[in-house]
Each structure stands twice: as C-alpha cells, then as structure tokens.
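See structure below.
No value in this document is a laboratory result; all are computed from the given coordinates. Not measured: the values here are computed from a predicted model. Cβ coordinates were reconstructed from backbone atoms using ideal geometry, including for glycine residues, and neighbour counts include every protein chain displayed.
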Amino acid sequence: MTPKEVEAEMQKMQRMYPTYVSQPINVGTTRQGRHIQMWCVTKDLVDCDKKGRPAVLYTALVHAREPATLACVLRFVYKVLEEAKSKGSTSYSAHLLANRKMLLLPVANPDGYAWNAATSPRGGGMRRKNGLKSCTSSGNSANDGVDLNRNFGYKWAFDSIGSSSRGCGEEYRGSGPFSEPETQAIRSVTQKHRPGAILHWHAWGNDLAFPYSYQWQAELSKAELYLFQEYAMEMTARNHYASGRAWEVVGYTTNGEADDWGWGAEKVPSFTLEVGSSRDGFWPSPSRIAPIAEESIWPATYLLAAAGPQMQLDSLSVVKAVSATSAELQLTLQNNGQKEYWSKHNACIRTRGKGNVHSSGPWQVNNVGAACVKFDALKSRQTHTLPTVTVEWEASTQWAELELGVEQIGGSLVSTFTIRLRTDHSTLSSCDDRCICPQSADFHEISYSQECRAKMKIGSHCRVPKPARAGTNYANGVDDEFFTFTATEYKSGGSCHVGTSQRDTMIAVYADCSRVGGQQPVAFSNSEGHLAQVDFPCTSGHEYFLFWNAEYVPGRHAFSVTEKCSHNCVRAHRKRERLLRRSA
C-alpha cells in the first residue's frame, strides 16, 4: 500500500462508518512537511478531542520497512466495525465501540514510508528510520534518519548497546530525547488522551514485548511485572507468541524505546507486538499478510477491553471433594482492567443440566435456582474471592458444567463465565491452577481438569520446566525453553555458571517462578559479539530457572552448568568437606 492508498483506505473506512470513524486529525508535521495523522474510532465519536472514554493508542509503521504492521491495524479495526454492524448492539464489538476509544496512528513514520514507496515501488524498501539527513548530505540513503524507537525520553541514550550515537547507524537515537516530530506526536496524543494502554505494531519475531528493555536488571515492582506478564499471557493465548521484556524475547536491550517511555514516564501499560516469523522478514509475501494480520486481532481486542474495567475469573480451585458426586469450590474474580467499576456486584452461580449448587452463609438462592452473593465494586486490578460453594452432580456425569454470571447492581450484566469441571478422582484430589485451560480466547469459557495440565508442553513455562543438571544439557533450539537446576555444592559463597558455545543464543536465569512467568532475574547474556555465558551467586538447595532462547538457529544445542567456589565458601556436605581436608 502506498501512502496515497493508505489515505484512500482510511477515507473509505470513514465513509462506511461515519458515526464511528473520525476525519483525520493532524497531530504533527514531519521534517519533510507531511502530516502525521490520527483517526479516532468510537461510537458517535464521543471524546475524540479530549480525555474521556477509556482509550488505547495503536501505532504502526514506526519503522518504515515493516508494512505488515499497517495491515494489522487495518484488519483489527475493520473486524471490530464489521462485527458490530453485522451482529448488532448486543455484540462484544458493539459494547467495545460504545465504551472504549481507539486512537489510530497507522503511519507513524510518514517520511520513511514515503521514501520506501518512492525508491522501491514494488516493495522491499529497507529504510527503517525517518526523514532526517543524518548520514548523507542528500538524505537519500536507506541509512539516513533517526530510529524513532530509540528517540523516546525515558532512559534515552542509557548506553550505546541499546541505541547508537552514529547518524548512519540503524539504531541512531537522534540528537536528543523527543528530537523528532513523530515521537513528539505520540507523546502529545498520549498526554492529551491519557489512554489506558498503548500497542505498537512492529515486525518481525512472533513475540510480544513489554517494559523494561533498557537493562535486564531494571526493576519492576512485583505488581507491575505481574500486570505485564498476565496481560501478555492472555494477549498471546490464541497466537501463542512468546512474551516478555525485549531482552527476554528479542534477545537484546534497547533504550529510548516506546514501551519503556509509556510505562516509565507516563504509567501507561505499553506493549510491542512483533508480527511475522523470521521467514516472513520485514516484507512478507502477499499470501502471508492476511494470516499475520489475523494473528494480531485478539491481542489488540484484549487490550481495548482492558483499557476500561474488565471482569475475569482469576482462579478456580477444589477445596475438597465432599463425595464422589460433589465438591466444594473456591472461585476468585478480578477486575483485570485499568479502570474501576462504579457500583457493587452480584455474582450468581448455577449448574447446567442435571446437578445442584448447595449454598450456605452469604449465598442466597434466587428464583431460578442460582446461588447469588453480593460484593463491593472492584477497583482496577483488584481481586475478590467468593465464599466457597458446593456443587453436586449425578454419578454418571464426567463433566459438571457451571455458569457464573456477574452483574453490577443497578446496572447491566458484566460477564458470564462457563466452567467445565472434570469429575474424576485425580482432578478433584490433586489439581492446581495448572489444571485451568481456556476454551475461548476471551477466557469466558474454561475447563478444569488434569488433561489441561497434561497439555502444557514440558519446557514451555517455568511451571513445567525441563530438568538440568551439572554438566552438559541440551536445548532443542526451536522453542523458547525453561529448565530447572538445583544447586547442591555450597551453603554460601558459591557461584553457578551457565554457558554455551552456540552462537545466536540467549540465556537468562530466574530465582523464582509464578503462574505468569519467571521472577527475580539474576543473570542474562546474549551472544552478540561473544558467547552467551552467565555467572550468578547460588545457594545449595535453591532451585533456579534457566531460560534458553535460540529461535534463529534451530537445532540440538548443548549448554553446560557448573558450580564453583567464589569466596569464603561453606560447603553444603560436611562429610565431603572433612574428606577433602584429610586428602589435602
């Protein structure tokens, strides 16, 4: 699509949906005099000129050589508009359009994109940066320009590893933070509308990145990291992209980057969706554009919902199996969105088919046989655990089906959840949260069974790691993989080493693991300019989680794990220590 064709496409969208899609709004002017244009998409164009409805800012073509990102934003918006029109006012898309606002910057780098279109009209132009004359006097080379994704103000020029001071460099960061009109435009829109989230489309990698990326030791609070990891896990539930901070999923650090600025300076949850695989590259074949765009619809939709209040079923557990045909359940709800609910809630649970719900305490049975309980309005990210409830089913039932509805008192239905509970002894007696698996992309239909836990591929998560031992271990080089290693040698003063002779790899080590991913990183190394090797303090009896990423070089690759004394060591095995002293 040429710049003129993009403009024509947006005009077409506006004509088709005039009460939903605004006229173009100029939010800046490039160095070469082109307008930086934004479109607002929301029902009746409410609050398109100011902060109001919960909003998400979507950008594409920040890097001019990534045209698939433009297709992604267009396909997503058309999907929401088309569904609202075809399915009517009760559809999920209609609800989003009536209660959320999309702010679209489909061509965030007009000068760079125009240069590629002019010099490579059949596609394949490789300018990444904007229109600044930074490398040649004419400004007419692919190496001219500022990398806009290194020009944001948070940790700008933190080092010369994650950005460059060289004008001809691909990651040239510019003369100062926000020196470029394109990044100024994104800052202006963000500060004016205060979106609940930001999504930047980039290519390629099949991954979803979030802050912080400027340094692997950069700390997020436990709550902040959990927010990003939980959102990312749920955004990638359908396309199965890898997710994490840039150094975790892309394998290198970046500074002056958009997501770091979005969270670090503005406290807006900000994500980068890297679409397409290594085979697709920056210019995928025409046959791949539609499939790539389809893969990004759900992440973009999820984030739009999360910009406001969003009710989810956070956890489900079996407190105890009362009998072979009944169990006591514990359910926790969460407002997983960025805005709070405005009134108290009423939750009602009932069985589908043959079965009963036995309520006690605060639960009250309504006129259709559902057990209901009231609770206070949930603030953003707040959870509420419902009182336990006992469910009963017939002896021949293999799956007990439940329906949980949540409404705002004095308002409307917020969410309905369908729960399928496997009634076998193994599920009822020994399941945990790994037994929960979504049956729908929006997490409103879930199953709870040992089969769900068995579906988790070994190595795919730190909750189901592959074992690693002292000596040589092997990674498959195709998937991102987690391994677990327990130190045994030193109570104190010990050091562990993980290394590989394989190029194009990344190794990270975490001291802890939660249901949403690795916690407390203690070491990181990639193989840019050297081999990936890490050393970190380790204590006997402590379990460490090793993360291996080698997506660019598939194959069976070896890595080694060793322990050694660092300083003032105390061995874990006193008997062995005495033997060593005798032999000395």
Review point. Points 7 angstrom from Cα along the Cβ direction at MET16 and ASP433: gap in nanometres?
Key: 4.1 nm
Point to revise | Peptides ranked, highest mean first, by Cβ atoms within 10 Å: ranges 97-103, 269-275, 536-542 | key: 269-275, 97-103, 536-542
Review point. Among 135-145, 475-485, 562-572, 109-119, how do they line up from the highest to the lowest mean number of other beta-carbon atoms within 10 Å?
Key: 109-119, 475-485, 135-145, 562-572
Review point. When the chain is fully extended, how far beyond the present Cα-Cα distance does SER278 get from SER360, taking 0.36 nm per residue of separation?
Key: 23.9 nm
Revision key, fill the gap. Note: ARG166 to LYS455 extended length (0.36 nm per residue) minus current alpha-carbon separation gives 99.2 nm
Review point. How would you order 296-304, 354-362, 227-235, 82-90 from highest to lowest mean count of nearby Cβ atoms within 10 Å?
Key: 296-304, 227-235, 354-362, 82-90
Review point. For LYS457, which lysines qualify as cross-link partners when the Cα separation must be under 23 Å and same-chain residues fewer than eight apart are set aside?
Key: LYS466
Review point. Which shape class applies to the stretch 345-486: rounded if a/c is under 1.5, otherwise prolate when a/b exceeds b/c and oblate if not, where a ≥ b ≥ c are the square roots of the Cα gyration tensor eigenvalues?
Key: prolate
Check your understanding: Size of the dipole of the chain about the Cα centre, Lys and Arg at +1 and Asp and Glu at -1 on the beta carbon, nothing else charged, in debye to 20?
Key -> 520 debye
Study note, to complete from the structure: Candidate cut points under GluC sites (Glu not before Pro) in the stretch 372-477, DSSP loop plus at most 16 other Cβ atoms within 10 Å of their own Cβ, are GLU394
Revision key, fill the gap. Once LEU531 and ALA324 are pulled to full extension, the length gained, defined as 0.36 nm per residue separation minus their Cα-Cα distance, is 68.9 nm
Exercise for review: Sort the stretch 274-433 into rounded, prolate or oblate with this rule: let a ≥ b ≥ c be the square roots of the eigenvalues of the Cα gyration tensor; rounded if a/c is under 1.5, and if a/c is not under 1.5, prolate when a/b is larger than b/c, oblate otherwise.
Suggested key: oblate
Review point. In the neighborhood of THR119, defined by Cβ-to-Cβ distances under 15 Å, what is the net charge if each Lys or Arg adds +1 and each Asp or Glu adds -1?
Key: +3
Review point. Rounded, prolate or oblate: which fits the chain when a ≥ b ≥ c are the square roots of the eigenvalues of the alpha-carbon gyration tensor, with rounded for a/c under 1.5 and prolate only if a/b beats b/c?
Key: oblate
Exercise for review: For an R0 of 30 angstrom, estimate the FRET efficiency from the Cβ-Cβ distance between ARG381 and LEU413 and round to the nearest 0.05.
Suggested key: 0.90
Check your understanding: When DSSP beta bridges are limited to those with both residues in the stretch 3-306, what percentage is antiparallel, rounded to the nearest 5?
Key -> 35 percent
Point to revise | Label-point separation, GLU294 to ASN26 (7 Å along Cα→Cβ), nm | key: 4.0 nm
Review point. Which percentage, to the nearest 5, of the DSSP beta bridges contained in the stretch 466-583 is antiparallel?
Key: 95 percent
